[in-house]
Amino acid sequence: MALSDVSLRVGQRELVALVGPSGCGKSTLLRIIADLETATSGDVRVHGANPETARRQRLLGFVFQDPVLLPWLDVLGNVRLPLEVTRGGADGHNDPVDLLRLVGLVGFEHARSWQLSGGMKQRAAIARALVLRPKVLLLDEPFGSLDEITRQRMNLELLRIWSDTDTTALVVTHSISEAVFLADRVVVMSARPGRIVAEEPVTLPRPRTIDTLASSEFLTIVAAVTKRLYSAADEIV
Amino acid sequence: MTLIRPLAAVLRDAAAVIAFVIAWQLVTVAFSVPAFLVPAPSAIAQALVANAGRIGAALGQTAAEAALGFAAGNVLGLALALLFARVRALERVGLPIAIALRSVPLIAIAPLLTIILGFGPITIIVMAVLISFFPALVGAASGLRAPSAEALDLMHVLDAPERVRYARLRIPAALPFVFAAFKVTAPAAVLAAMVAEWTAANSGLGYLIIDAGEQYRFPLMWAGIVAATALAVAAFIAASIAERRVISWPVESA
Amino acid sequence: MRRRAWLETAVALLALVAVWEVIARLVGARFPVVPAPSEITAAGARSAYPIWLNLRLTLIEALIGLVAGSGLGLLLAATFVAWPRAEAGLYNLVVTIHSIPLVAVAPILLIWFGVGITAPTLVAALACFFPMVVGATRGFRAASQSSLDLMRVLDARPWRSFLRVRLPASLPFLIAALKIAAPAAVLGATVGEWLGTAGIGYLLFSSMANFQVALLWATMLIAAAVAAIGYLAFAVVEHVVVDWHPPAGEG
């Protein structure tokens with residue numbers, strides 16, 4: 001039983017980060033929302049609908065830690081994939097070429113996945129997740145396999161992309177600084193059993209830049225979240 | 001094996017072959033090597049020319065039978081692999097049997113097949129079918145199961161119908177495995193056809209080689225061997241070219 | 001879980017045999033070419049001694065061929081790794097030899113060495129040579145760069161490095177290659193005996209020629225079983241070796 005007693009509300013156009021040690025169920029929670037796993041009890045609502053309905057109504061976009069770009073398609077083909085693959089047609093979608101421009105992959109439309117760096121692959125994955133104009137974007141440790149420098153750059157990019165679209169975002173990460181940098185609210189989880197132990201609002205102004213990372217306000221919030229995490233860990237006997 | 005090599009390498013290989021043939025010729029002549037041991041290349045070439053019609057016909061026949069069997073065997077194997085992927089229970093039982101049957105020496109089947117299906121091209125084609133079938137089945141089955149959990153999750157999130165998941169994800173993922181199997185089974189189909197001819201035919205390259213040997217016509221026998229080798233190599237090259245055309249992405253060698 | 005799969009397959013096979021027996025009993029008279037399993041077993045039992053004699057011969061040829069062919073393949077692979085420059089030319093030679101179909105080589109060998117044990121053994125050796133070269137070359141190259149670097153840093157002699165790092169790293173590949181080579185050796189020996197006067201290959205041919213259908217089935221099934229056992233034996237070894245073998249890539 002991965003999760004117990006989880007109660008969370010996410011408002012429209014909010015960016016919420018889920019942080020916690022491995023085993024705390026943050027990914028599981030995300031996957032339940034995406035209808036990739038089923039909750040044994042409890043109620044999950046996305047824009048008023050249950051996860052399965054939300055998925056079928058294409059309210060959700062999902063970005064995995066592994067970009068999963070199909071090697072036999074070029075970048076444009078991969079971004080177009082949802083349009084061609086989803087049941088019952090895709091009306092009201094974003095233009096794939098525009099999305100590639102948004103994520104900064106102009107000129108790479110016909111590149112193949114193995115020709116791209118890790119960061120570029122994730123940009124393509126994000127574009128793909130946005131093509132059906134979802135209301136909610138779910139990201140499961142999207143930059144976990146990237147190096148620190150690329151990671152920070154991708155965080156900036158993600159914020160830019162997110163602010164340009166009308167989506168709610170839920171990001172799972174095990175990096176506290178990443179969570180604080182990205183989010184309006186950081187939800188701290190702990191393990192065994194997985195549960196929410198705290199929610200820290202992030203009052204940093206937007207748009208956030210590299211300078212934000214050095215600001216004392218940022219560091220204070222990071223310290224607060226860190227403290228919450230460790231004190232939760234101490235509770236376990 | 002790379003097919004598109006720089007011109008220099010091709011020339012170098014060609015030169016090596018020519019040098020080898022020349023050396024062979026010199027040795028056989030200088031030491032008066034008897035024909036039953038190793039005929040001189042010139043004698044083999046003569047036999048090739050003198051029997052061009054017969055060798056050509058035999059080559060055409062064996063090639064046609066091998067090609068038919070190869071095609072049918074692969075179609076069957078791929079179809080069964082798709083069925084296995086849909087019906088997991090079948091796969092769990094069938095796949096181990098297929099893997100076990102794959103290591104049965106084909107030549108053991110030839111006599112039985114001849115008795116059951118009789119003398120003639122059907123038996124030969126069925127042999128080629130059998131040798132192509134199992135690698136196609138096993139390869140395709142592996143390939144269809146190759147996509148990662150995340151890839152499958154992606155298809156689920158995108159609400160793709162099952163048919164589309166196969167067409168856009170599983171089948172493309174299986175293609176490298178299938179084409180890799182082709183490179184093995186295409187020459188093997190030629191081999192299988194020739195083995196079948198030993199018991200079930202009195203024409204074709206396999207038969208020609210044995211027949212020539214029994215009549216002590218060694219240059220002709222070796223000419224047949226050259227033709228058979230050329231056919232097997234051509235089959236492999238065809239499979240390689242097909243792979244290069246279809247698989248446009250790098251794959252980890254299985 | 002794996003045991004369960006084995007059980008399911010065994011049950012499926014037994015069920016197949018049972019169904020076969022029943023159908024054969026009912027309509028067997030019209031299909032003399034597919035005798036009932038009981039008949040096949042009876043024919044096998046009747047000729048058990050001749051079958052055993054021939055089988056023993058084939059097994060000896062296959063075994064010697066396997067050892068010779070694999071040994072040579074291993075040596076060549078080791079040469080490739082030790083002298084990469086030799087590889088380009090030698091590899092082409094190996095490929096050329098491999099592309100000559102076995103069915104073409106067997107008659108030549110028979111002419112050279114006459115009827116006997118030599119030709120089939122050589123064909124068997126040829127049959128497993130190529131898979132072994134390919135598998136062993138991959139295996140010897142499989143050692144992770146970091147573990148090889150470690151050996152260099154410790155100033156280990158090349159022979160030592162080979163023994164301690166390359167050889168253990170190559171074991172899974174070698175065994176996988178043997179899994180292919182073992183049935184190939186049986187196949188090769190059988191092909192070599194085809195035109196001869198002894199061995200399973202000969203027995204297959206003669207029982208076909210004499211229309212001894214049940215005996216043919218029995219011989220064929222035994223040949224298949226032998227090949228399968230060869231494969232299984234190495235599959236088991238592979239299972240054992242891979243279990244204690246550290247995952248590839250770890251130094």
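For chain A, what D do you get in µm² per second when you plug the Kirkwood radius from alpha-carbon pairs into Stokes-Einstein at 10 °C and 1.306 mPa s? Answer, rounded: 87 µm²/s. For chain A, the membrane-span-like helix rule (DSSP H, alpha carbon extent of at least 15 Å along the helix axis, mean Kyte-Doolittle at least -0.5) picks out A:75-85, A:118-130, A:216-234; this says nothing about an actual membrane.
Once the Cα gyration tensor of region B:1-59 is diagonalised, what are the square roots of 5 times its eigenvalues, in whole Å and ordered largest first, as equivalent ellipsoid semi-axes? Display every interim value, and only then the final one.
Working: eigenvalues 140, 79, 14 Å².
Value: 26, 20, 8 Å, ordered largest first.
Filter the DSSP H helices in chain C by two things, a Kyte-Doolittle mean of at least 0.5 and an axial alpha-carbon span of 18 angstrom or more, and list the hits by number. Please report the intermediate quantities before stating the final value.
Details: long enough: C:2-27 (37 Å, 1.07); C:48-82 (49 Å, 1.55); C:84-99 (23 Å, 0.29); C:118-140 (31 Å, 1.37); C:167-193 (37 Å, 1.45); C:213-244 (47 Å, 1.88).
Span-like helices here: C:2-27, C:48-82, C:118-140, C:167-193, C:213-244.
Quick one: Debye curve from the C-alpha atoms of chain B, no solvent, what's log10 I(q)/I(0) at q = 0.07, 0.10 Å⁻¹? Relative scattering, expressed as log10 I(q)/I(0), comes to -0.33, -0.63. The phi-based Karplus calculation (6.51 cos²θ - 1.76 cosθ + 1.60; θ = phi - 60°) puts the 3J(HN,Hα) values of region A:177-189 at 5, 5, 4, 5, 5, 7, 8, 7, 8, 10, 9, 9, 10 Hz, whole numbers, x for Gly and Pro. Each eigenvalue of the Cα gyration tensor of region C:41-242, multiplied by 5 and square-rooted, gives one semi-axis; in descending order these are 38, 19, 11 Å. Charges were assigned to the Cβ only: +1 to each Lys and Arg, -1 to each Asp and Glu. The resulting dipole of region B:96-236 about its Cα centre is roughly 180 debye.
Farthest towards the positive end of the charge dipole of the protein assembly as shown, among the residues C:VAL22, B:LEU208, B:ALA192, is the Cα of B:LEU208, using unit charges on the Cβ of Lys, Arg, Asp and Glu.
Neighbouring Cβ atoms from other chains, within 10 Å of the Cβ of residues in B:108-119, number 6 on average. Here's how it looks for A:GLY61: its modeled amide H is under 5 Å from those of A:VAL136, A:LEU137, A:LEU138, which are all 5 or more places away or on a different chain. Partner lysines whose Cα lies under 30 Å from the Cα of A:LYS121, excluding those fewer than 8 positions away in the same chain, are identified as A:LYS26, A:LYS135. Loop-located chymotrypsin sites (Phe, Trp or Tyr not before Pro) across region B:23-86 with a Cβ neighbour count of 15 or fewer within 10 Å are B:PHE31, B:PHE36, with loop assigned by DSSP. Each residue of region A:19-25 is assigned a 3J(HN,Hα), and the resulting list reads 10, x, x, 5, x, 7, x Hz, derived from the Karplus form 6.51 cos²θ - 1.76 cosθ + 1.60 (θ = phi - 60°), x at Gly and Pro. Estimated from helices alone, the mean residue ellipticity of the protein assembly as shown at 222 nm is -22500 deg cm²/dmol (sum of -39500 (n - 2.57) over DSSP H runs with n ≥ 4, per residue).
Using the Cα centre of the protein assembly as shown as origin and beta-carbon charges of +1 (Lys, Arg) and -1 (Asp, Glu), tell me which of A:VAL106, B:ALA146, B:PHE133 is placed farthest towards the positive end of the dipole. Of the listed residues, the answer is B:PHE133.
Rounded to the nearest 20, the size of the Cβ-charge dipole of region C:41-242 about its Cα centre is 440 debye, with Lys and Arg at +1 and Asp and Glu at -1. Taking a straight line from the alpha carbon of C:LYS179, these lysines sit under 27 Å away, with near neighbours fewer than eight places off in the same chain left out: B:LYS183.
Out of the trypsin sites (Lys or Arg not before Pro) in region B:106-168, which ones are loop residues according to DSSP with at most 16 other C-beta atoms within 10 Å? The qualifying sites are B:ARG145. The Cα atoms of region A:1-59 define a convex hull whose projected area, averaged across directions, is 4.3 nm². Taking Cα atoms only, the orientation of helix B:7-30 departs from the longest principal axis of chain B by about 30 degrees. With distances taken between every two different alpha-carbon atoms, region B:60-175 has a Kirkwood hydrodynamic radius of 15.7 Å.
Peptide C:92-101 has a mean of 5 when you count, residue by residue, the C-beta atoms of other protein chains within 10 Å of its C-beta. Applying both filters, DSSP loop and at most 13 other Cβ atoms within 10 Å, to the chymotrypsin sites (Phe, Trp or Tyr not before Pro) of region C:130-228 gives C:PHE211. Taking only the Cα atoms of the protein assembly as shown, the radius of gyration and Dmax are 32.1, 98 Å.
Evaluated with a Cβ-only charge set (Lys, Arg +1; Asp, Glu -1), region C:1-114 carries a dipole of roughly 280 debye about its Cα centre, given to the nearest 20. Take each residue in C:216-229, count the other chain C-beta atoms within 10 Å of its C-beta, and the mean is 4.
What ranking, highest mean first, results for peptides A:43-54, A:27-38 when packing means the other Cβ atoms within 10 Å averaged over each residue? Present the calculation step by step, with values, prior to reporting the outcome.
Working: A:43-54: 14.8, A:27-38: 20.2.
Descending mean neighbour count gives A:27-38, A:43-54.
Any chance you could give the angle, 0 to 90 degrees and rounded to 10, that helix B:218-246 forms with the longest Cα principal axis of chain B? Compared with the principal axis, the helix lies near 30 degrees.
None of the figures in this text is laboratory data; all of them are computed from the coordinates on show. Keep in mind the model is a prediction, meaning the values are calculated, not measured. Cβ: placed from backbone, ideal geometry, glycine included. Neighbour counts: every protein chain shown.
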